[in-house]
Amino acid sequence: MTNSSIHPGMLIYNIIKYFIYVALAYNVYAFFAEEWAAFQHTHVGGLTSPSELIETFAATIDTAAWVVLLYLFEAETFIMSDERVRRYKYPMILLKGLCYAFIVYACWGYIHKLWYVLNTSVASIPDACAAVSQNLSLMVDLDEYETLTAANCIDLTGQSLLQINGTSIVGTESVFADTIKLAMVDVINAASWVLVVVVLEIDVRLQLAGKLTDQGMKVGYVVKGLLYLALFVCAVYWGFYGDFLDFWDAFLWLLAFFMIELNIFNWHEHVKEEEEEANLA
């Protein structure tokens, strides 16, 4: 990895890059606020196990682990010298391993959330307004709920309601259909990012070992290109059908890892130039 001196244009590039990194760190708080609000409806009786904690706050944990992992990739591919990366190899592998564990578990959390919203049956509620006293929660979107009240029950008149089995959460068929689609996109997005980071990790390890060839770079670009395309489609879907936070977060992550890709490319080219100069000497 190279630690280049600042030259024209590089300062602005770095300011933009680190602004993106800081914005992603802020999103950890934003996702926590959103999931905490949903938690008030989905776990009225509290959490019963540590696994429920991870599944309930999947986006928060996932984003926090990804932010740490992003900073580690930035350190490896841009900030630290190759010698320092090798010197601190095992502590960084340990930190990355913890991040990967949380990321994979968070991916499972998204899968569990999809199963959660799929596990429904027709609600035995003939009249929504008559059920106001039952302290039901009304699903309005993925991770978004309202308490069923005399004010909002009127909008449900004549509509068939579904209920998540074993919970007090109800919603219309159309809301559940949209929610399931969003949950599926979450799963595709999370799984795609796991695969992206696996390929990136291989790139970094090979580059440190001096074994990353131009052909290997091209193969990686093809694989990651397909994965980034899937991630871009997910971001566009959120832009139209999800909430702004999901779209904004996805957009920032694509930009952030574009920066990491540039770091790896420049690192690879720099090492290759040094080797060519050494061979000519």
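The values are calculated or read from the model by the stated rules, or taken from the named source; none is laboratory data. This is a predicted model, so every value here is computed, not measured. We place every Cβ from the backbone using ideal geometry, glycine too, and count neighbours over all the protein chains shown.
Things worth noting here:
- The number of residues in the range 76-127 that are touching a strand residue (DSSP E or B) at 6+ places or on another chain (Cβ under 8 Å), of a type outside the set (Gly, Ala, Ser) and in a loop (DSSP other than H, G, I, E, B) comes to 2.
- Residue pairs whose Cβ atoms lie under 6 Å apart, separated by 6 or more positions or on different chains, with the first residue in the range 184-205 and under 15 Å from residue 63 (Cβ atoms) and the second part of a helix (DSSP H, G or I) and of a type in the set (Asp, Glu), do not occur.
- Residue that is buried (at least 18 other Cβ atoms within 10 Å of the Cβ) and over 21 Å from the mean Cα position of the chain (by Cα), where the choices are 206, 212: 212
- Count of the range 137-181 residues, restricted to those that are among the hydrophobic types (A, V, I, L, M, F, W, C) and assigned to a helix (DSSP H, G or I), is 7.
- Only one entry in 130, 101, 106 is small (Gly, Ala, Ser), at pLDDT below 90 and assigned by TED's automatic domain parsing to the domain that holds residue 193, namely 106.
- None of 73, 32 is modelled with pLDDT under 90, aromatic (Phe, Trp, Tyr) and either not assigned by TED's automatic domain parsing to the domain that holds residue 253 or not in a loop (DSSP other than H, G, I, E, B) (or both) except 32.
- Residues of the range 121-146 satisfying the condition of being among the polar types (S, T, N, Q) and over 32 Å from the mean Cα position of the chain (by Cα): 124, 133, 134, 135
- The listed residue being free of Cβ contacts under 8 Å to residues at least 12 places away in the same chain, surrounded by fewer than 17 Cβ atoms within 10 Å (Cβ to Cβ) and more than 26 Å from residue 178 (Cα to Cα), out of 219, 233: 219
- Of all the residues in the range 108-147, those that are surrounded by fewer than 20 Cβ atoms within 10 Å (Cβ to Cβ) and within 21 Å of residue 70 (Cα to Cα) number 1.
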